[in-house]
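The values are calculated or read from the model by the stated rules, or taken from the named source; none is laboratory data. Just so it is clear, the structure is predicted and the values come from calculations on it, not from any experiment. All Cβ positions, even for glycine, are placed from backbone atoms using ideal geometry, and neighbour counts span all protein chains on display. We work out accessible area using only protein heavy atoms, side chains counted, and drop any ligands, DNA or RNA first. Shrake-Rupley method; radii C 1.70, N 1.55, O 1.52, S 1.80 Å.
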Amino acid sequence: MNNNIETPESNYGQLTIAEATAIQEKLKGIVKLSPMEGEIKTIAGADISLDLYSDTVYAGMVVLSYPDLKPISYSLVKTTNIFPYVPGFLAFREIPGLLKVYEQLPVKPDCIMFDGNGILHARRMGIATHFGVLTDSVTMGCAKKKLAGIYADPGETRGDYSLVTDRGDTIGFALRSKNNVKPVFISPGHKMSLKDSMDITMQCLGKHRLPEPTRKAHEFVNRFRIGELKEGYHELEQWGLF
DNA sequence: GCGACAG
DNA sequence: ATCTTGTCGC
């Protein structure tokens, strides 16, 4: 694993942009983008929700069965935010809370989808890649807006996509996840290939623009923020899979 | 200097 | 990200 990596919970709050950039450059050497190994039986969506004028962060992950996409459990943790939002450094703002959420899961998912990018980043170190390296887990990103690179607008039909490139590298895809909606941006995070990220995303599309994992994660953290759901680890046992 | 800029 | 109402389209 990666026991030799500094723990972000205690350091990310007072980092300068220069120091944060240095950390991203350092972690780049560990990223693995070869084809994913093993079969996916569970996939988690990760996201956070914020209060308007508060520093409270509501972080959470929802684990779904795959490819059925039925929510089977979720982990929620309330933390205090310290690092501001700076384009290109989202990881330093959201990872501390998400690490606590991840640690709280008794059984880790086979893959995690983030509301943000993987290698589709100026230094190829989006939040999905950063988190994957820190936890040695399989991750990918699905963002709602472009962060870096250039791309041609994909066709208007669900499934149409184009490559997002930057300085000679293909760093992700602009995917039309639903007919006549703005495309979403897909990229691998860690321990999977570009193709894996696209295949997994297509498999996770329901009837909405956002794939089920991140759509559910977004829904759950918002219900957590307004008090509908409580902090902690919970299992959805409606139709018990025995 | 100017434009771009995940959440 | 968050606030916020109606409205258009499948």
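Per-residue answers, yes or no, for (1) of a type in the set (Phe, Trp, Tyr); (2) open to solvent by 10 Å² or more (accessible area, probe 1.4 Å); (3) closer than 15 Å to residue A:113 by Cα; (4) within 16 Å of DNA strand C (Cβ to nearest atom):
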| residue | (1), (2), (3), (4) |
| --- | --- |
| A:162 | no, yes, no, no |
| A:195 | no, yes, yes, no |
| A:202 | no, yes, yes, no |
| A:214 | no, no, yes, yes |
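Tell me yes or no: at least one residue of region A:73-81 is more than 14 Å from the chain's Cα centre (by Cα), surrounded by fewer than 24 Cβ atoms within 10 Å (Cβ to Cβ), at positive phi and not in a strand (DSSP E or B).
No, the conditions are met nowhere in region A:73-81.
Any idea which of (1) hydroxyl-bearing (Ser, Thr, Tyr); (2) touching a helix residue (DSSP H, G or I) at 6+ places or on another chain (Cβ under 7 Å); (3) within 17 Å of residue A:211 (Cβ to Cβ) is the one residue A:75 doesn't satisfy?
Residue A:75 satisfies all of (1) hydroxyl-bearing (Ser, Thr, Tyr); (2) touching a helix residue (DSSP H, G or I) at 6+ places or on another chain (Cβ under 7 Å); (3) within 17 Å of residue A:211 (Cβ to Cβ) except (3).
For residues that are among the basic types (Lys, Arg), surrounded by 16 or more Cβ atoms within 10 Å (Cβ to Cβ) and either farther than 23 Å from residue A:210 by Cα or within 8 Å of DNA strand B (Cβ to nearest atom) (or both), tally how many sit in region A:101-125.
Total meeting the criteria: 0.
Any residue at all in region A:34-52 that is more than 24 Å from residue A:188 (Cα to Cα) and among the hydroxyl-bearing types (Ser, Thr, Tyr)?
No, region A:34-52 has no match at all.
Please go through region A:130-186 and pick out each residue that is part of a strand (DSSP E or B), under 23 Å from residue A:215 (Cα atoms) and among the polar types (S, T, N, Q).
Selection gives A:139, A:162.
So, of the residues in region A:126-139 that are hydrophobic (A, V, I, L, M, F, W, C) and open to solvent by 10 Å² or more (accessible area, probe 1.4 Å), which turns out to be farthest from the chain's Cα centre (by Cα)?
At the first step, the residues of region A:126-139 found to be hydrophobic (A, V, I, L, M, F, W, C) are A:127-128, A:131, A:133-134, A:138.
Subset that is open to solvent by 10 Å² or more (accessible area, probe 1.4 Å): A:134, A:138.
Details: A:134: 13, A:138: 10 Å.
My answer is A:134.
Can you confirm whether region A:107-118 contains a residue that is under 18 Å from residue A:32 (Cα atoms), small (Gly, Ala, Ser) and not in a strand (DSSP E or B)?
yes
Which residue is least open to solvent (accessible area, probe 1.4 Å), if the candidates are limited to region A:11-67 and must be in a helix (DSSP H, G or I) and of a type in the set (Lys, Arg)? Walk me through how you get there before you give the answer.
So in region A:11-67, the residues in a helix (DSSP H, G or I) come out as A:11-14, A:17-30.
Next cut, of a type in the set (Lys, Arg) only: A:26, A:28.
Details: A:26: 138, A:28: 87 Å².
So the residue we want is A:28.
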